[in-house]
Amino acid sequence: MTTKSISSGTVHKIPDDLRKALASDAKALAVWQDLTPLSRNEWICWVTFVKKEETRKEHVKRVVSELKEGIRRPCCWLGCIHRPDKKISPSVQGILNRRSKK
């Protein structure tokens, strides 16, 4: 399968590092392709939302390993805050406000 055929999310396009990681693991890629666009979107956002390159690399690795374990959405994730069709809940906004003060 070529990397061009790897599906993206609803808002986010799949970044190259995640695309390459998925393309190199057939089992993870099969699960990825079976996810809903919203689930893929949350994984992509979870990978790209972090600030440190080291953390991002860890997230990319975890996507592959967790997909192979059958996990279909990022655990303990607020959800994508970039979706224009979804209002941010007050509880998530509170978490984001606390994070921005750090």
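Looking at segment 19-56 only, could you name the residues that are closer than 26 Å to SER100 by Cα, under 12 Å from the mean Cα position of the chain (by Cα) and part of a helix (DSSP H, G or I)?
Narrowing segment 19-56 to residues closer than 26 Å to SER100 by Cα: 38-56.
Imposing the further condition that a residue be under 12 Å from the mean Cα position of the chain (by Cα) reduces the set to 38-50, 56.
Result: LEU38, SER39, ARG40, ASN41, GLU42, TRP43, ILE44, CYS45, TRP46, VAL47, THR48, ARG56.
Using beta carbons and a limit of 6 Å, which pairs, at least six apart or on different chains, have the first residue in segment 48-62 and closer than 16 Å to PRO74 by Cβ and the second one among the basic types (Lys, Arg) and in a helix (DSSP H, G or I)?
These pairs meet every condition: VAL50/ARG56.
Would you confirm whether any residue within segment 32-43 is free of Cβ contacts under 8 Å to residues at least 40 places away in the same chain, surrounded by 20 or more Cβ atoms within 10 Å (Cβ to Cβ), acidic (Asp, Glu) and within 15 Å of PRO74 (Cα to Cα)?
yes
How many residues are in a helix (DSSP H, G or I) and not hydroxyl-bearing (Ser, Thr, Tyr) when one looks only at segment 3-18?
Residues meeting the conditions: 4.
We did not get these values from a lab; they are worked out from the coordinates using the rules stated. As the structure is a computational prediction, the values presented were derived from the model and not from experiment. When we count neighbours, we look across all protein chains shown, and the Cβ atoms used for this are built from the backbone with ideal geometry, even at glycine.
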